[in-house]
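For reference, the structure discussed in these notes is given below.
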Amino acid sequence: MTEHLTIVEHPLVQHKLTLMRDKETSTAGFRRLLREISHLLAYEVTRELAMTTKRIETPLQEIDAPILDGKKLALISILRAGNGLLDGILELIPAARVGFVGLYRDEKTLEPVQYYFKVPEALEDRLVIAVDPMLATGNSSVAAIDLLKEAGAKDIRFLCLLASPEGVARMKEAHPDVPIVTASLDEKLNEQGYIVPGLGDAGDRMFGTK
Ligand code: URA
């Protein structure tokens with residue numbers, strides 16, 4: 001991937017995103033849409049997945065057919081909202097190894113605080129796709145990528161649903177080698193660190209919390 005930022009402008013992605021932004025959309029609807037949109041975003045972010053071949057027999061002859069080398073991929077969910085994207089991608093790539101980075105945002109400083117870190121071994125040999133629906137201030141995304149690099153990751157992509165210009169700039173400054181794939185680059189961050197127009201708190205909308 002050569003672009004630092006890829007916006008997936010496919011009509012289905014944009015349609016589903018509009019429904020997700022709508023505050024009248026229910027928790028169940030939001031969750032279903034997130035799963036559906038994660039399939040479409042996964043299509044874009046997995047273009048360079050490692051492949052291998054498998055000897056199979058079609059009804060007509062034997063061939064070495066291409067299949068995914070699932071062992072070469074690590075999906076990393078940035079908790080907790082990352083799990084919404086993760087679940088959908090795992091439906092498409094069930095053999096992927098999975099890791100979790102637990103960061104919460106201190107409501108006053110907006111700085112990330114780590115509470116959990118568990119990732120697959122040999123990250124250095126894998127394409128690592130970190131997922132978090134909202135790239136807002138960029139603080140937690142940058143911190144998560146810092147941790148993944150410390151754990152050995154060298155080839156990382158970042159997948160989100162919405163990005164703010166501030167978050168993209170922060171990521172570009174800290175991790176220019178990490179391409180970002182998103183469904184939308186929104187207008188700005190507000191004083192509380194929310195993406196505007198955004199969709200509110202992705203975790204709350206997904207899990208029905210407040
Ligand atoms: N996290 C969210 O869930 N929403 C925002 O708008 C910003 C950060």
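Observations on the structure shown:
- Per-bin percent of Cα-Cα distances, the stretch 1-147 [10 Å]: 10, 33, 35, 16, 5, 1, 0
- Against the chain, whose longest principal axis comes from its Cα atoms, helix 165-174 is set at around 60 degrees.
- Across LYS72/LYS172; LYS72/LYS108; LYS108/LYS172; LYS118/LYS188, pairs whose alpha-carbon gap is larger than 30 Å: LYS72/LYS108; LYS118/LYS188
- The stretch 72-205 - percent relative contact order, Cα under 8 Å, separation 6 or more: 22 percent
- Environment charge of VAL142, counting only residues whose C-beta is closer than 13 Å and scoring Lys/Arg +1, Asp/Glu -1: -3
Taken together, the values in this text are just the output of simple stated rules run on the coordinates, not laboratory data. Model, not experiment: these values are computed from the prediction. When we count neighbours, we look across all protein chains shown, and the Cβ atoms used for this are built from the backbone with ideal geometry, even at glycine.
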